[in-house]
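All remarks here apply to the structure that follows.
The values are calculated or read from the model by the stated rules, or taken from the named source; none is laboratory data. As the structure is a prediction and not an experimental result, all values here were calculated from the model. Here the Cβ positions follow ideal geometry from the backbone for every residue, glycine too, while neighbour counts run over all protein chains shown.
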Amino acid sequence: MKNFLIISLIIGAAIFSLTACSSDNETVNTNTTIESSGSYSSTEPPTAIINENLSIADEPTAIQSALAKTEFTFLFNGTIIYLDQNMAEVLDALGEPVGVRQTPSCAFDGYDRIFGFGAINVHTYPVGDEDFVQIISIRDDSITTRNGIRLGDSWDRVLDAYGSDYVQDFSIFTFTKGSTALSFFVDDGTVVEITYALIME
């Protein structure tokens with residue numbers, strides 16, 4: 001229960017209220033419109049390859065240790081992104097984001113940041129001079145989770161893909177693996193938000 005409350009706080013604080021800590025929001029390196037919700041628009045969203053259930057042995061050797069540590073991973077534009085990954089590695093693989101938004105962190109010394117890549121946003125937390133992946137949020141229905149779930153799918157499809165081992169908090173259904181969580185916000189039987197989150201102790 002403690003971990004689930006932490007997940008809910010992370011998702012609520014980071015996605016919906018970046019401005020809660022300070023009014024000194026900064027927008028840097030922007031090449032696109034940043035909407036009031038903090039999302040990033042893009043005319044060419046990349047696609048994700050489907051298969052959440054690959055075993056660690058099926059993955060390239062370089063990321064096997066990462067998958068052993070944080071089991072929910074996300075495949076975006078040919079790049080596996082895992083929670084608690086150094087954001088520098090993500091940027092090396094994906095290139096420059098279409099926009100970056102930052103605000104002083106409530107919980108850490110430094111800045112929380114959102115890196116926009118069109119179809120997804122990657123939220124990070126600071127450790128020293130580096131940023132680490134804390135949340136990955138899917139922004140449109142052009143891509144899927146690695147089990148093939150996209151925005152607009154039915155809750156029944158989520159159950160078929162992930163089973164019934166979840167925790168429900170109102171309309172949010174959360175599946176956990178190791179130190180990671182995958183949450184679906186379901187409205188009237190339809191998935192309207194998908195978020196991966198690092199469980200912070």
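Only one entry of Ala161, Ala93, Ala181 meets the criterion of being in the same structural domain as Ile80 (by TED's automatic domain parsing) and of a type in the set (A, V, I, L, M, F, W, C), and that entry is Ala93. Applying the condition of being under 28 Å from Cys106 (Cα atoms) and of a type in the set (Ser, Thr, Tyr) to the range 131-184 and asking which residue is nearest to the chain's Cα centre (by Cα) yields Ser137. Quick check, is Thr124 β-branched (Val, Ile, Thr), in a strand (DSSP E or B), surrounded by fewer than 21 Cβ atoms within 10 Å (Cβ to Cβ) and touching a residue at least 12 places away in the same chain (Cβ under 8 Å)? No; evaluated as a whole, the condition is false for this residue.
Among the residues examined, Val186 does not qualify as β-branched (Val, Ile, Thr) and either out of contact with any strand residue (DSSP E or B) (no Cβ under 9 Å at 6 or more places or on another chain) or in the same structural domain as Thr79 (by TED's automatic domain parsing) (or both).
All of Asp169, Asp156, Asp109, Asp129 fail the test of being surrounded by fewer than 21 Cβ atoms within 10 Å (Cβ to Cβ), modelled with pLDDT of 95 or more and out of contact with any helix residue (DSSP H, G or I) (no Cβ under 7 Å at 6 or more places or on another chain), apart from Asp156. The criterion of being farther than 19 Å from Tyr196 by Cα and free of Cβ contacts under 8 Å to residues at least 24 places away in the same chain does not hold for Asp141.
Only one of Val90, Val98 is more than 14 Å from Thr195 (Cα to Cα), among the β-branched types (Val, Ile, Thr) and in contact with a Gly (Cβ under 6 Å, 6 or more places away or on another chain); which?
On inspection, the qualifying residue turns out to be Val98.
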